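Notes follow the structure.
The values are calculated or read from the model by the stated rules, or taken from the named source; none is laboratory data. Since this is a predicted model, take the numbers as computed values, not measurements. A quick note on method: Cβ atoms are made from the backbone with ideal geometry, for glycine too, and the neighbour counts reach across all protein chains shown.
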Amino acid sequence: MIKKVKTEQLQPGMYIHDFDCGWMEVPFMRRSLMVTDDAMVQKILANHIREVYIDTARGKDVADALPLAEVKKVVEKEIMAVAKEAIREDAPLSFMEEVTKAKEVRDEAKKVVTSIMGDVKLGKQVDFAVVDDAANNLVDSVFRNSSALVCLSQLKSRDEYTFQHSVNVCILMISFCRAMKMEKEKVREVATGALLHDLGKMKVPDEVLNKAGKLSDGEFDMMKSHVLLGKTSVKNFNDISANAVSVMIQHHERFDGSGYPFKLKGEEITPIGQMASVVDVYDAITSDRCYHKGLTPSEALRKMYEWAQYHFKKEMVEHFIKCVGIYPSGSLVRLESGFLALVLEPSAKGTHLPKVRLVYDPRKNAKIRPKDVDLSDPDHGHGKITGYEKADAYGINLLQYMGMA
C-alpha cells in the first residue's frame, strides 16, 4: 500500500515510492529507493522535502499514515469546493470571437521571446520596447476573453519549452491578475516581467539547461543563478517597473523560506512574487520535459494544494484554482457518456461546469462533427467530467476544433 508520511517519520528500512516535490528538488538519482540510514533522511529534510510516499509492501509501515487514495480523495474534495466559489469574469467577446486573434498575439509573443533570448545569449543589446508591445497585446486579449489565450497555453511542445514557458507564464499571470481585480496598467507591468522572467537562463550553459538527467549540486547552483543573471540583463532598461522586477526575481521564492535566490519568507515576498511562484510551478509541472511527463491540470492543482501548507500561501493557491478552474480551457476531457470534449470556457455557473466542445465518439472510435455543450445545463445528456485525456493519443488536433487548422 502507498501511504503519505512526514519526512520526519522516515526510518531505515522504509521504501520511498515517491517524493512529494518537483523533479529538480529530489536529492537522489531516483525517485524510488530504500531508506538505508538516518543520513538519507537528513539529506531529504535539508532539501526542504516535507512529505514522501512510502510503499508498505516493500518496506516498513507507519500505522497511522493515510493511504494515498484517501489523501487524494480528501484533497480533491477540498479543491472542488474552492473551484465552486469562482466568479466568472465578464468577457466583452466570446471565446470563438477572440481565439483567432489570441493565437496571433501568442505566436508573436513567442517570436519576441525567442528573439530577445537569442540576443541575450549572444550578448547583443535587447530591444525591450518590443517586449512591452507583446505583453500589452497579450493583456488586451485576456481582458477581451481570458479563456481564449489560456486555452492556447495548454497546447505545448516539449522542444520549445524555454520560450513557450515564458509566454504561458505571462498568459496565466495576466489571467490571474485580472481575476484578482488588479488595475490594467499594473497588469501590463506584471506581463512584461513574466515574459522576461527566465531571461537569465540564456546565460546558463546549454549542457546544464538542457540536461536530461539529474543535475549535480554544482549544476543546480548554475541553474539557480538564472534569476540574478536575468535581473542583470535588464539593468540598462530604465523603464522596467518594480512590479516586473518582482516577477523576475521572486518567482522561485517559497513561502516557507526554502526558495531562492534570497530565501525570502512569508510576506517578505510581494503579492506579485507569490503569484508568480504559483504560476511558474503550475506551468512547469504540467509541461512535458526531457526528464518527466507533464501532470494533468487536476493532478498539478492537487499537488500544489498539498504544497500550499509549506511552499505557497494557501489563499494564493486557492485564488489560482478559482482563476483557472480544475478543468482549464484547452483541456481534453472525458465525459460520463464516454465522449471526449475540448474545454472552451467557464459556464455561467463557474469553472467546475464549463462549456465544452464534443470532438470524439468512443462508440465509433472516431472524431466527430463538433458540438458545443454547456455542462451547467442539467439536460445536456453527457454527465460529468470523469478525467483528462491526451489529444495525440486519439490523433486529435485541438486547433482544428478551435477553427484554426
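Those helices (runs of 4 or more DSSP H) of the stretch 263-375 in which 2 or more residues are without any contact (Cβ under 8 Å) to a residue 24 or more places away in the chain occupy 297-307, 314-324. Candidates are the residues of the stretch 180-203 that are surrounded by fewer than 19 Cβ atoms within 10 Å (Cβ to Cβ) and in contact (Cβ under 8 Å) with a residue 24 or more places away in the chain; the one that is farthest from HIS252 (Cα to Cα) is LYS184.
Yes/no per residue for (1) among the polar types (S, T, N, Q); (2) farther than 15 Å from CYS170 by Cβ:
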| site | (1), (2) |
| --- | --- |
| LEU195 | no, no |
| LYS201 | no, yes |
| PRO205 | no, yes |
| SER216 | yes, yes |
| GLU219 | no, yes |
| GLY230 | no, no |
| PHE237 | no, yes |
| VAL247 | no, no |
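Okay, residues lined up against (1) more than 30 Å from LYS101 (Cβ to Cβ); (2) basic (Lys, Arg); (3) in contact with a helix residue (DSSP H, G or I) (Cβ under 6 Å, 6 or more places away or on another chain):
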residue	(1), (2), (3)
GLU299	yes, no, no
VAL333	no, no, no
LYS355	no, yes, no
ARG363	yes, yes, no
MET402	no, no, yes
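Selection of the stretch 29-58 for residues being polar (S, T, N, Q) and in a loop (DSSP other than H, G, I, E, B) yields SER32, THR36, ASN47, THR56. Scanning the stretch 95-120 for residues being surrounded by 14 or more Cβ atoms within 10 Å (Cβ to Cβ) and either touching a residue at least 60 places away in the same chain (Cβ under 8 Å) or more than 24 Å from LEU399 (Cα to Cα) (or both) gives a total of 13. Residue-level analysis places ASP64 outside the set of residues that are under 28 Å from LEU195 (Cα atoms), loosely packed, with under 13 Cβ neighbours inside 10 Å, free of Cβ contacts under 8 Å to residues at least 24 places away in the same chain and not basic (Lys, Arg). None of GLU89, GLU70, GLU78 is under 30 Å from TYR260 (Cβ atoms) and either modelled with pLDDT under 95 or surrounded by 15 or more Cβ atoms within 10 Å (Cβ to Cβ) (or both) except GLU78.
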